[in-house]
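Working notes, structure below.
The numbers here are math on the coordinates, done by the rules we state, and not lab data. Just so we're clear, the structure is a prediction, and the values are computed from it rather than from any experiment. Glycine also receives a Cβ, built like all others from the backbone with ideal geometry; neighbour counts cover every protein chain displayed.
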Amino acid sequence: MKMKAEVCAEFRMSPLSVLSQRVQKGLEDIAQLFGRILERNINVRQMLHLVHAQLAFSALVLLGGISAMTAVLLMSWFVLSVIQCVRAL
């Protein structure tokens with residue numbers, strides 16, 4: 001009887017909460033991967049700061065040659081994201 005109650009409780013979970021749990025689990029797995037690469041413990045927030053810095057760098061490399069103003073804006077974004085990353089770590 002207990003098993004049936006647990007199964008019924010799982011079906012009562014909303015699809016949004018199931019999706020939220022899956023996304024959280026995926027982010028935690030990626031944070032563990034970053035932690036293994038960096039050889040230190042990384043939480044999800046720190047991992048998101050690292051991804052933000054990587055995204056800013058990629059945008060700078062890919063779009064920095066369009067114009068001088070674009071390059072300055074992208075460089076500013078990259079510098080700010082690295083500063084935030086350093087503070088988070």
* Structure fact -> Calculated from DSSP helices alone, with each H run of at least 4 adding -39500 (n - 2.57) and the total divided by the residues of the chain, [θ]222 nm to the nearest 500 comes to -28500 deg cm²/dmol
* Asked: Pick the calculated mean projected area of the Cα convex hull in nm² for this structure from [x] 8.6; [y] 6.3; [z] 5.4?
  -> [x]
* **Pairwise label distance in nanometres, residue 69 with residue 23, each label 7 Å out on the Cα-Cβ vector** => 3.4
